[in-house]
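None of the figures in this text is laboratory data; all of them are computed from the coordinates on show. These numbers were taken from a predicted model, which means no experiment stands behind them. Reconstructed Cβ throughout: ideal geometry from the backbone, glycine too, with neighbour counts over all protein chains shown.
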Amino acid sequence: MRRFSYNSSARCCSSISSARRRRCSFSARRRSPLSSARRRRASSDVAASNIAMVSASAASSHASFSVVSGLTSNSGGGGDGGGGDMKLSVVLLFSLVAVQAALLGAPSAKASGLKVGYYNKKCRGVEDVVKGHIIRAIKKNPRVGAALVGLVFHDCFVRGCDGSVLLDKSAQNPNPEKDAKANIGLAAFDILETIKANIEKKCPGVVSCSDILVYAARDATKILSKGHINYDVPAGRLDGLVSSASQADKELPDSTFTAQQLIKSFALKNFDVEELVILSGAHSIGMAHCSSFKGRLAAPADQITPAYRNLLNYKCDQSANPPVVNNVRDEDYTTVAKYMPGFKSRVRKTRDLFDNSYYHNNLARIVSFNSDWQLLTHTEARGHVHEYADNGTLWNEDFAASMVKLSMLSMPAGSKGGIRKKCSIVSY
């Protein structure tokens, strides 16, 4: 592994974050068996398994929850089923869950109202319905998958995972999140509406749009990663009533941010530097409008490979603010061969493959966003970029854990919500 050595030494352990110091304690190994995100997921899986056995009545109706702050951020309710001791008493199981939640920042089932398999009895087969729609949509247009992954981030990072990004302009919300500058290019709204309409026929007034979005992003991630990123997500969310473009522009991290601004933005949502780098890996797929990276079109060579900068300038000159693929691998072969002949071997017939190529691209200075390049200017973040470039399997696992945590961001305290009849309208 470049730059970062996980063979422990006193200097190594004293100069890095607490998560890294925990890894350094495994001096006989190249790295600890679990990264901090993986440890969070493993602990969450144990908690989720315990919760599933003892909280059948804890989430009998939709409820919002609060992300519990702790010394270590953590995703709640993993869903792979770590398994608790079946001989433990119910009281002890609840105690274990409470301790894990307190220590790791995971909301308990009682506090969150979310659980894996939430609709198993309320609307049987709903996850399969969502999955079927997503499979067909991506088969028709692979770019839909990337749009759904981006959509869930843009929803959950503003007011929690409440489907507020799905709302159209109305008297109640005259300037919704859809109109935010930060949300230019968001897509796949129509697919979610189709899924919602289908589910309403089967189970009217039961399944929230916010849950449908989280399921859809999960399924898209699995499909685009060829099954390598696979995770369960808890459900039971309410659809929010409020949608504000100004709030979205204020809370969403901007593509022009410095490393410190990114770290601060993610910390406000209880994500650490490692999770920032993990979630940034989603830029291995999808597209971005030229306005999102216009500052990069004249950036110096130590920040962007000149050949890639020339390619971006060529693409952006084709029309007014066109969308450009995030990954040079997904560009057309002719354009890459002309502007970046040394990189033409990276072009693939299979587009939008969700993998760790983002980290290789970043190290080669062929990423479009300034915020992506900025990760290399921060010591800890740069170490994680190298880490995930070296180990795609690790990134798959850590991305899954971080997506579960993202999906559990809650609405602001005291917010009201319900189950919309249509995802774009506040209609209960």
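Testing the spin-label approximation: label points 7 Å from Cα along Cα→Cβ at Asn175 and Asp190. State their distance in nm.
2.9
Full-extension gain between Asp332 and Lys121, please, as 0.36 nm times their residue separation minus the C-alpha to C-alpha distance.
Working: separation 211, 0.36 × 211 = 75.96 nm, distance 4.70 nm.
Taking Asp332 through Lys121 to full extension adds about 71.3 nm, to one decimal.
Taking N as the number of residues in the range 250-298, what value does Rg over Cα atoms divided by 2.2 N^0.38 Å take? Don't skip to the answer; put the middle values down first.
Numbers: Rg = 11.7 Å, N = 49, 2.2 N^0.38 = 9.7 Å.
Dividing the Cα Rg of the range 250-298 by 2.2 N^0.38 Å gives 1.21.
Under unit Cβ charges (Lys, Arg +1; Asp, Glu -1), what dipole magnitude, rounded to 20 debye, does the range 259-407 have relative to its Cα centre?
On the way: 16 positive and 16 negative charges, 127 e Å.
That gives the range 259-407 a dipole magnitude of about 600 debye.
Full-extension gain between Ala320 and Lys416, please, as 0.36 nm times their residue separation minus the C-alpha to C-alpha distance. List each step's numbers first, then the result.
Values: separation 96, 0.36 × 96 = 34.56 nm, distance 4.05 nm.
In short, 30.5 nm is gained.
Based on the Cβ-Cβ distance of Thr258 and Ser345, what FRET efficiency does E = 1/(1 + (r/R0)^6) give at R0 = 35 Å, to the nearest 0.05? Provide the component values of the computation, followed by the final result.
Details: r = 33 Å, r/R0 = 0.94.
Step by step, r from the Cβ atoms, then E = 0.60.
Counting each pair of different Cα atoms once, what's the Kirkwood radius of the range 126-253 in Å, rounded to one decimal?
Details: mean 1/r = 0.0677 Å⁻¹.
Roughly 14.8 Å, rounded to one decimal.
Can you find, among His384, Leu353, Ala400, the residue sitting farthest towards the positive end of the charge dipole of the range 259-407, where Lys and Arg contribute +1 and Asp and Glu -1 at Cβ?
It is Leu353.
Between Tyr428 and Leu268, what is the label-to-label distance in nm when each label sits 7 Å out along the Cα-to-Cβ direction?
Output for this residue pair reads 2.7 nm.
Could you give the alpha-carbon Rg of the range 239-362 over 2.2 N^0.38 Å, rounded to two decimals?
On the way: Rg = 16.2 Å, N = 124, 2.2 N^0.38 = 13.7 Å.
Relative to the 2.2 N^0.38 Å estimate, the range 239-362 comes out at 1.18.
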